[in-house]
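Q: Have a look at the structure that comes next, please.
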Amino acid sequence: MAAVTIATCLFGLVAVFLTCGGIMLGAFVLFVHYQHRKFAHIPSAPRKGLKGFFLGHAPVMVEYHKRNQSFNDAIVEMMREYGHVVAIFLLFQPIILVFDPDFVKGILCTNTHPKPYKAYKLFKKILGTRFLGNGLVSVLDYETHAPKRALLNPAFNRKYLQGMMGQFNAGADVLIEKLSHKADGKTEVAMLDEFNRTTLDIIAKVAFGMDLNITLDDNSPFRKAVSTIFAGADLEKTYPTTAFSPLPAARKMRKDVRDSINFLRETGRRCIEERLKAMEKQEEVPSDILTHILKEVDGFKKESAIDLEGLIDEFITLFIAGQETTANLLGFALLELGHHPEVMHRLKTEVEAVFEDKDLLEYADISQLTYMMQVLKETLRLWPPVTGSARGLACDVVVKGYKLPKGTIVSVSSYVMARMEEYFHDPLQFEPDRFKASDDKSHYAYFPFSLGSRNCIGQQFALIEARVLLAKLLHRFEFNLVPGQGHGVLDEITLKPAGRCRNYLTPVE
Ligand code: HEM
């Protein structure tokens, strides 16, 4: 009798479980179907079978990732096939991609459409741990963003940065000294890794007066933490289940990322608190971006746009946004120079004319490097480290005859538009002369630093840093690409050269 009762109970439980599961699955299928129907009027690449129904184009993204190709190349193909407006589905999330300069202008240059949470949650938190929080990159709405941006803007204007030329030069000199020990013409040097270290050192010094010494220290915990965090973010982007999977590897990754983020945040907290104390005691403090911000907020005494936790968000934001991007730009530039000896020759001639026998490059010197600016702009056109931006529509919008309802996530891509014949002649050619001031016809089809009020605050910083580093390196070394490096890229949060820009170096005669 008892056995029958237990069996009945178990049967009942299983039935309830199956019914609930069935209802949930049914609701989920209806939801996915609704998402597809909502955007059925927008051209889209086929999503095959059940896998395509549930995962959308995500498997294509994984495929490209495995082949060291950017998913953006798949999007270029879709643009060629389907035109200026294309829908993609990542899992069941629709994203509408629009390749039209007027749309770019309307989306980026008005403060109408905020950043969408779904596209930026990976910056706010990685694998469940607060990362950039509400820092400048990841704060979503314009109202919260504006006062923060106003606070940081003066520290990033060209004039203020001109006063930091000493620090930019010093960073470059440490790298040159290090590389001079490897410049024997036969040692492979992964220049991307070197740029990564040096740009971390420079941002740490210029922004926070910190001497991290990462260029020389192979065991820097700071660098390890940054690498672990990027690896975690990339894993979560490609395999979102890592955020909650019970598998040991996923749990270990979550712990490593948590420890690394906490390490960075605690470093930031210490740095800010020590500076505050020094300022209270009226001790001499470095003239850097942190001092500038703390003076503005008067040590958080007045009601200000930012509190300590918010400032730690900015600390991490500047390290992350201000480092890998510039390193990748330099890596891609050196790679293209290796592939185009005639461009390299012309650039070196310009650098030598400016250099004469100077040790310290002043701002006036780098302003004369006009061809170098063209090289950097052209590199950013073909290889933008940040390929595009996303917004959530605040109202219905019609583009090219397609109605996009309020709430739609739209994305604009500098990477894809750079490859469109209608905006750039012979678009796949690396041709710096297209950026001669008089020839520049790139309005709203070229936006590697984004546009409008959410554009890159560090644009001037990056372009000063890149010119100082590249000029000093070309003055001292000949670079020869290790053969076999094509244009493969790693599309991991930022776009970077897959071959890590490996070179053989020799001293310039
Ligand atoms: C070649 C180098 C760089 C490139 C290509 C680049 C690109 C970009 C892009 C495309 C955005 C907009 C992102 C979005 O729409 O979500 C952005 C934002 C930002 N970048 Fe950069 N960046 C570079 C260097 C830097 C540097 C050196 C710093 C700081 C020192 C920096 C700090 C920031 C910050 C704080 C934001 C958010 C700005 C805001 O929303 O107010 N970036 N960057």
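The values are calculated or read from the model by the stated rules, or taken from the named source; none is laboratory data. Note that the structure is predicted; figures quoted are calculated from it, not measured. All Cβ positions, even for glycine, are placed from backbone atoms using ideal geometry, and neighbour counts span all protein chains on display. For the accessible areas, the whole protein counts, side chains as well, though only heavy atoms, and no ligand, DNA or RNA atoms are used. Shrake-Rupley method; radii C 1.70, N 1.55, O 1.52, S 1.80 Å.
Q: Of the residues T317, T241, T325, which is open to solvent by 20 Å² or more (accessible area, probe 1.4 Å), β-branched (V, I, T) and within 16 Å of the ligand (Cβ to nearest atom)?
A: T325
Q: Here's something else I'd like to know. From the list D396, D357, which residue is away from the ligand (no atom under 14 Å from the Cβ), modelled with pLDDT under 95 and surrounded by fewer than 18 Cβ atoms within 10 Å (Cβ to Cβ)?
A: D357 is the lone residue from the list that is away from the ligand (no atom under 14 Å from the Cβ), modelled with pLDDT under 95 and surrounded by fewer than 18 Cβ atoms within 10 Å (Cβ to Cβ).
Q: Tally up the residues in segment 46-67 that are more than 25 Å from L490 (Cβ to Cβ) and either polar (S, T, N, Q) or open to solvent by less than 70 Å² (accessible area, probe 1.4 Å) (or both), please.
A: Number satisfying all stated conditions: 4.
Q: Let me ask you something else. Residues that are of a type in the set (G, A, S) and in contact (Cβ under 8 Å) with a residue 12 or more places away in the chain: list the helices (runs of 4 or more DSSP H) wholly contained in segment 129-238 that include at least 1 such residues.
A: Counting at least 1 such residues, we get 142-152, 165-180, 191-208, 221-238.
Q: Would you say G310 is open to solvent by less than 40 Å² (accessible area, probe 1.4 Å), over 30 Å from E431 (Cβ atoms) and among the small types (G, A, S)?
A: Criteria met by G310.
Q: Out of all the residues in segment 68-78, is one or more over 30 Å from H443 (Cβ atoms) and open to solvent by 60 Å² or more (accessible area, probe 1.4 Å)?
A: yes
Q: Looking at segment 271-343, what helices (runs of 4 or more DSSP H) fall wholly within it and have at least 1 residues that are among the aromatic types (F, W, Y) and touching a residue at least 24 places away in the same chain (Cβ under 8 Å)?
A: Once the helices (runs of 4 or more DSSP H) in segment 271-343 are filtered for at least 1 residues that are among the aromatic types (F, W, Y) and touching a residue at least 24 places away in the same chain (Cβ under 8 Å), what remains is 308-321, 324-339.
Q: Here is a further query. Any residue that is among the hydroxyl-bearing types (S, T, Y) and touching a residue at least 60 places away in the same chain (Cβ under 8 Å) - is there at least one of those in segment 51-64?
A: Checked segment 51-64: at least one residue is among the hydroxyl-bearing types (S, T, Y) and touching a residue at least 60 places away in the same chain (Cβ under 8 Å).
Listed here are the residues, each with its yes/no results for (1) open to solvent by 50 Å² or more (accessible area, probe 1.4 Å); (2) away from the ligand (no atom under 14 Å from the Cβ).
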position	(1), (2)
F89	no, yes
N111	yes, no
I126	no, yes
T129	no, yes
Q162	yes, yes
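Q: Can you name the residue in segment 176-209 that is away from the ligand (no atom under 14 Å from the Cβ) and closer than 28 Å to H292 by Cβ and is also surrounded by the fewest Cβ atoms within 10 Å (Cβ to Cβ) among such residues?
A: Across segment 176-209, the extreme among qualifying residues is G209.
Q: I need the full set of residues from segment 148-159 which are open to solvent by 60 Å² or more (accessible area, probe 1.4 Å) and more than 11 Å from the ligand (Cβ to nearest atom), in order please.
A: N157, R158, K159
Q: Out of curiosity, is S438 open to solvent by 10 Å² or more (accessible area, probe 1.4 Å), modelled with pLDDT of 95 or more and outside any loop (DSSP other than H, G, I, E, B)?
A: No; evaluated as a whole, the condition is false for this residue.
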